Ligand SMILES: N[C@@H](CCC(=O)N[C@@H](CS)C(=O)NCC(=O)O)C(=O)O
């Protein structure tokens with residue numbers, strides 16, 4: 001597929017964009033990356049995703065596809081020559097979609113909340129929920145990986161991509177909050193998986209450096225504070 005056929009509207013710190021980049025790399029798809037600025041979104045983004053006005057948007061032969069998980073499924077269906085991302089078994093596929101939805105609807109919002117919440121009691125409550133989440137995800141890893149290295153078994157699959165794209169922000173929040181949310185002593189499967197995932201060829205260089213995200217988090221936090229300060 002020629003490079004000009006595929007464009008990705010994205011932003012470097014977005015885990016949802018990183019998710020699509022990992023899937024594109026797995027499928028060895030050449031693409032053009034168009035960096036968006038949230039305070040000055042391009043006409044192309046507004047036209048391509050008029051409903052949410054968010055990245056990522058994949059543009060394939062001038063057709064826009066929005067929402068990262070939908071894009072990953074689209075890539076899997078169109079680039080069938082590359083390694084499969086979704087499992088072939090319907091039950092395994094349903095399970096993979098279930099965990100991806102859990103990660104987006106429950107787990108990641110908690111991680112974001114921990115980053116922005118102030119007050120020790122509130123933080124402890126969120127940390128407790130995230131720790132419960134880690135235990136659930138460890139059990140899911142043991143079940144789905146069937147003794148292999150990834151949720152997808154021997155290869156990176158749908159849950160790996162859905163979860164792995166958050167590993168940069170996970171490390172950044174751990175650093176900001178001074179705690180471990182995926183701890184080798186508590187969830188050894190997940191801890192080893194995270195290392196394995198980050199060093200995979202399709203992932204290397206995609207997930208931003210922890211310190212870069214920590215710096216960005218400080219800027220976002222300062223902006224939030226300024227916005228909520230009495231005028
Ligand atoms: N559910 C969406 C989430 C995408 C999303 O939240 N994108 C953020 C960046 S991480 C964005 O574009 N924010 C811009 C804005 O809210 O104005 C997906 O999976 O693609």
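Working note: 222 nm ellipticity from helices only, DSSP H runs with n ≥ 4, each -39,500 (n - 2.57), summed and divided by the residues of the chain, gives -17000 deg cm²/dmol to the nearest 500.
Any chance you could tell me what percent of the C-alpha pair distances in the stretch 34-149 go past 22 Å? Provide the component values of the computation, followed by the final result.
Details: 3629 of 6670 pairs.
More than 22 Å apart: 54 percent of the Cα pairs in the stretch 34-149.
Considering the convex hull of the alpha carbon atoms of the stretch 3-78, report its projected area averaged over all viewing directions, in nm², one decimal.
Numbers: hull surface 18.1 nm².
Value for the stretch 3-78: 4.5 nm².
Per residue, the average separation of C-alpha pairs within less than 8 Å and at least 6 apart gives the chain a relative contact order of 20 percent.
Per residue, the average separation of C-alpha pairs within less than 8 Å and at least 6 apart gives the stretch 3-78 a relative contact order of 39 percent. Peptides 54-63, 210-219 ordered by packing proxy, namely the average of other Cβ atoms within 10 Å per residue, highest first: 54-63, 210-219. Short-range pairs are left out: with C-alpha atoms under 8 Å and at least six residues apart, the relative contact order of the stretch 90-213 is 26 percent.
Taking 20 Å as the cut-off, the amide N atoms of the stretch 33-59 that come nearer than this to a point 7 Å along the Cα-to-beta-carbon line of residue 226 belong to 37-41. Solvent-free Debye calculation, one equal scatterer per alpha-carbon of the stretch 132-189: log10 I(q)/I(0) at 0.14 Å⁻¹ equals -0.40.
Hey, any idea what Rg/Rh is for the stretch 90-213, computing Rh the Kirkwood way over Cα pairs?
Numbers: Rg = 14.2 Å, Rh = 14.8 Å.
For the stretch 90-213, the value is 0.96.
Seen from all sides and averaged, what is the projected area of the convex hull of the Cα atoms in the stretch 150-231, in nm²? Each step should come with its number before you reach the end.
Values: hull surface 26.6 nm².
Over every viewing direction, the Cα hull of the stretch 150-231 projects on average to 6.7 nm².
For the stretch 188-231, count all C-alpha to C-alpha pairs, find those more than 12 Å apart, and express that count as a whole percent of the total. Within the stretch 188-231, distances greater than 12 Å cover 71 percent of Cα pairs. Against the compact-protein benchmark of 2.2 N^0.38 Å, the Cα-based radius of gyration of the chain scales to 1.03.
Readers should treat all values here as calculations from the given coordinates under stated rules, not as data from a laboratory. The model shown is predicted, which means the values in this text are computed figures rather than measured ones. No Cβ is skipped: glycine too gets one built from the backbone with ideal geometry, and neighbour counts run over all protein chains shown.
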